[in-house]
Amino acid sequence: MPVLTPVRPDVFFQLVDAVLTSDRVGRGALDPAGPQRRIVSVESNDRVMQILAGPGSGKTEMLVWRILYELFVLGSPAETLLVTTFTRKAATELEVRLVERCDALLEQAALRGSVLQAPHVHDVRLGTLHSLCDALMREFDKSYMASGTRLIDEHETTVRMARELRFRIGRRMSETSDPLNVVCNTPEVSALFQPPWVSQAWPSTEIQRVDLVRAVLAQHTETWMPRCAERGTRNGVEYHSAATLNITEAFGKLHERWVAYLDDNAIMDFTTIQQRFLERQHTVTAELRHVFVDEFQDTNPVQFAIHLGWLSGAETRLTVVGDDDQSVYRFRGSDIVCFQGLQAECARAGIGFRQEKLEHNHRSTASIVAFSEMFRTRSVLSSISMPKNIQPASAAAAGSPVRLMVGPWSSLATVTAAELAAMRSDDAAALMPDAAILMFSTSEKSSRNAVSPGLEMHDALEAGGLRVSNARNKTAGGPASPVHDLLALISYLVDPVTSASVPGSRRAVEVHASAREAARRPFAISAAPSFASDTHAAFQKRFRKTGGSLSVPAADRADVLAYVDEIRRRLVASASVATGDRRRLTLAAFVARLMSFGYFRNCGYTPQLFRQALFTSLLEANVAPTRRTMSSLDEPMRPSLDDAGKIVWPKQYWDLLRVMATMLEATTLDDVEVDAFSENSVAMLTFHQAKGLEFEHVYVSSTGRDVNPANVLRTQLFSGTPVTYSVTNGHADTRDAEVMRLSEADREREVYVALTRAKSTLTILHDPSHVRSEIRQLNPAIASIFAGVAARPHPLGGGVTVQEFTYPAAGGVS
């Protein structure tokens with residue numbers, strides 16, 4: 001490892017101030033009497049430093065300079081520093097900031113006649129914890145690398161689990177005692193994971209069972225194993241009902257079977273790799289001097305164990321940054337106790353601990369800061385959060401009043417669009433305002449009875465001439481999407497729907513090989529698979545019948561359907577030819593040829609193009625190669641003919657149709673997040689997506705969703721804590737006061753994150769008569785702030801009224 005000549009601390013801080021006050025950065029110098037210099041300095045006795053950083057307080061800036069202090073002042077080699085972030089995007093942004101600040105510091109030193117050694121900042125290990133666990137084990141764990149293990153993403157995990165659910169995870173499906181049946185058929189378990197917006201029986205489909213099993217395995221691996229396994233503590237669900245005394249064993253057996261499948265295929269999912277790394281962490285710890293953790297408030301128990309594990313190295317330091325009021329990922333397994341209990345854990349282990357706070361918001365106007373702080377103090381967060389007092393920066397403008405706009409949702413959407421359209425630039429580029437619409441859900445998938453709020457808002461914005469980006473639209477796999485249409489064409493290749501006269505029917509009916517009606521299968525041109533389903537055929541029929549019929553398709557898709565017919569004919573014709581003369585066409589090559597047709601190719605640089613890329617990633621997830629072999633990608637399609645002259649397709653193609661069709665039918669997918677599509681557009685984001693972002697103008701809706709105890713119950717029960725709860729209409733319910741208090745706090749944290757994204761203007765939208773409860777109900781703390789404030793008609797009409805929260809320049813709140 002190269003040894004750098006250390007820079008004196010006083011010289012380092014002179015250079016830091018020069019960088020911050022330069023025209024390129026435009027910030028203020030570090031206050032010598034404030035917490036910033038104490039945070040940046042890495043003291044000799046620092047083992048654990050916790051930075052409690054409020055919204056807009058510059059925590060990323062402080063984290064970057066603390067990393068650079070370790071490099072420049074203490075001379076630590078860059079490869080001995082590890083920095084973890086919550087998302088890949090955050091990792092990229094932090095890496096860019098780190099490089100920019102390092103280069104700027106070297107430049108300032110050169111301007112002063114001092115040439116400093118570059119610390120090889122690109123060698124800092126920076127990324128999400130999952131990617132870093134994978135990279136570290138590949139570098140330092142010989143057995144992991146020798147196995148050729150590959151980390152798989154969430155899509156591939158879902159596909160593989162759906163394919164193996166009844167073969168590797170559930171093995172005795174006829175027995176109620178099989179662990180898979182125990183999990184899926186025990187209401188006390190499924191109620192903990194059933195989505196709050198689902199009212200019908202759940203899980204009722206194969207993909208829903210996959211979702212349940214994945215969630216159970218994640219909670220078991222990330223919460224129960226680090227907290228209960230060593231002590232032998234039973235899962236808390238068992239204390240609820242004598243009928244579920246085998247729950248702990250059932251969860252353990254499912255975990256054992258899934259891990260065995262992963263090992264057999266030399267793969268690792270995001271959940272399992274954390275547990276595997278924790279077991280092998282001792283092989284890595286000696287290589288690291290300082291570990292930095294961003295967004296530590298969203299840590300789950302197994303990640304908490306990993307981060308405490310770094311401290312087994314006598315010289316290893318740990319710096320964590322976060323805000324307990326911005327912890328919003330309990331639904332993914334995080335537990336705020338990890339952040340709030342760090343100091344106590346260090347005290348128990350005799351590890352030195354230091355806490356610093358960043359309490360000045362440099363992002364927002366004084367009006368927005370005061371409103372957000374009043375929301376926090378009037379909600380349950382005031383009694384459940386770590387002590388802090390968030391204040392506006394000394395140079396913050398008073399700003400515009402925070403507004404509450406009330407009216408019918410359609411009118412609110414129209415008024416919002418009109419306001420944002422009025423902010424557009426008048427130049428030829430017609431720049432969109434820097435604005436975001438934040439909602440609990442931005443799904444644009446409507447039900448049969450009502451248009452979704454997300455779609456209604458999206459349509460209003462576009463009608464106002466605004467460009468909109470909404471990656472979580474839940475329509476990427478819907479009709480007219482390449483994801484839908486390409487699956488339809490594979491369905492047409494393997495199992496074409498045709499018309500045939502079936503005994504007992506007075507007229508010709510639609511038949512295909514996997515039809516649910518057994519009487520129709522013998523009349524299909526393909527041999528029947530081992531399952532019955534109409535799901536993939538529904539994709540095919542929608543594609544073929546749009547603008548036409550099964551026999552006479554629309555002109556814009558006739559050529560691609562004719563091509564599929566020709567490919568099927570040639571593949572069948574080659575089935576009886578000697579092996580050496582067979583035509584070689586892989587499924588991936590077939591899809592690539594489909595996408596060369598104008599129907600797909602002429603989409604331009606639009607979301608449609610990236611939905612094609614989304615389909616290819618789903619296709620690869622189904623084919624699922626490993627590091628050890630790529631044969632599954634290169635295998636040609638080789639159907640055969642049976643004695644009856646029917647086309648016999650290998651099982652893998654039927655598996656693809658079964659799994660992908662049920663997946664798309666259940667979720668319809670989100671768009672791929674592409675930064676280019678979010679530029680110069682109004683963003684529609686969920687509260688969770690908005691985390692870490694900021695916008696000049698923010699509109700927040702759905703602040704009053706019902707308090708749902710399921711997420712907190714999961715945390716408690718999988719931590720081995722007995723909590724009494726009931727199951728009502730498939731959902732978990734409890735009268736436990738502490739669980740309900742923690743659940744209410746989770747809702748308030750989501751709203752607090754949304755409010756604090758605004759820089760210049762903040763508007764809350766409320767429709768008191770909406771069919772959706774989260775739109776209809778106004779958050780109680782927000783309602784209390786606006787109570788007694790006079791309402792006036794909005795100048796744009798539509799039955800919309802406006803109330804204003806003002807922050808006088810003299811200080812105080814009215």
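The values are calculated or read from the model by the stated rules, or taken from the named source; none is laboratory data. A quick note: this is a predicted structure, and the numbers were derived from the prediction, not measured. Note: ideal-geometry Cβ built from the backbone for every residue, glycine included; neighbour counts use all protein chains shown. Side chains are part of the model used for accessible areas, which takes the heavy atoms of the whole protein and leaves out ligands, DNA and RNA. Shrake-Rupley method; radii C 1.70, N 1.55, O 1.52, S 1.80 Å.
Here are the numbers:
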item: Longest to shortest principal axis, alpha-carbon extents of segment 324-463, angstrom; result: 62, 45, 31
item: Extension gain, Val502 back to Ser382 (0.36 nm per residue minus Cα-Cα distance, nm); result: 36.2 nm
item: Distribution of pairwise C-alpha distances over segment 145-256, 5 Å bins, in %; result: 2, 11, 20, 23, 20, 14, 6, 2, 1, 0
item: Residue-level accessible surface for Asp565, protein heavy atoms, 1.4 Å, Å²; result: 60
item: Shape metrics for the chain, restricted to C-alpha atoms - Rg then Dmax, Å; result: 28.9, 95
item: Cα coordinate range in segment 264-391, projected on the principal axes (Å, largest first); result: 55, 36, 26
item: Segment 382-508: projected area of the alpha-carbon convex hull, averaged over directions, in nm²; result: 17.7
item: Sites Arg150 and Arg593 - FRET efficiency at Förster radius 35 Å, r taken between beta-carbons, to 0.05; result: 0.80
item: Top positive-direction residue, dipole computed over the chain with Cβ charges, set Thr157, Trp649, Gly464; result: Trp649
item: Relative contact order [Cα under 8 Å, 6+ residues apart], segment 105-255, whole percent; result: 18
item: Ellipsoid equivalent to segment 688-729 - semi-axes via the Cα gyration tensor, in Å; result: 33, 15, 6
item: Extension reserve of the Ala135-Thr606 stretch, reckoned as 0.36 nm per residue once the Cα distance is removed; result: 166.2 nm
item: Förster radius 30 Å - calculated FRET efficiency between Ala29 and Ala118 (Cβ-Cβ, nearest 0.05); result: 0.80
item: Area projected by the alpha carbon convex hull of segment 471-582, averaged over all directions, nm²; result: 9.6
item: Cα shape, segment 80-141, gyration tensor, a/c 1.5 rule; result: oblate
item: Beta bridges per DSSP with both ends in the chain, % antiparallel, nearest 5; result: 25
item: Per residue value of the accessible surface for segment 268-425 (all protein chains in place, 1.4 Å probe), Å²; result: 34
item: Segment 1-131: Rg to Rh, with Rh as the Kirkwood radius over Cα pairs; result: 0.93
item: Theoretical ellipticity at 222 nm over the chain - DSSP helices of four or more residues, -39500 (n - 2.57) apiece, nearest 500; result: -12500 deg cm²/dmol
item: Segment 604-749 - Debye-derived log10 I(q)/I(0), Cα point model, q = 0.12, 0.16, 0.17, 0.19 Å⁻¹; result: -0.90, -1.07, -1.10, -1.16
item: Relative contact order for segment 219-286, counting Cα pairs under 8 Å that sit 6 or more residues apart, in percent; result: 30
item: Modelled FRET efficiency - R0 30 Å, Ser44 with Thr21, Cβ distances, 0.05 increments; result: 0.55
item: Percent accessible area from carbon and sulfur atoms, the chain, protein chains only, probe 1.4 Å; result: 51
item: Over the chain, relative contact order from alpha-carbon pairs under 8 Å, at least 6 apart, %; result: 18
item: Within segment 136-167, backbone nitrogen closer than 18 Å to the virtual label 7 Å beyond the Cα of Thr667 toward Cβ; result: 151-166
item: Hits among lysines - C-alpha to C-alpha of Lys651 under 25 Å, sequence gap 8 or more where chains match; result: Lys541
item: Extended-chain gain in nm, criterion 0.36 nm per residue less alpha-carbon gap, Glu566 and Ala286; result: 94.7 nm
item: Average accessible surface area per residue within segment 668-730, 1.4 Å rolling probe, Å²; result: 34
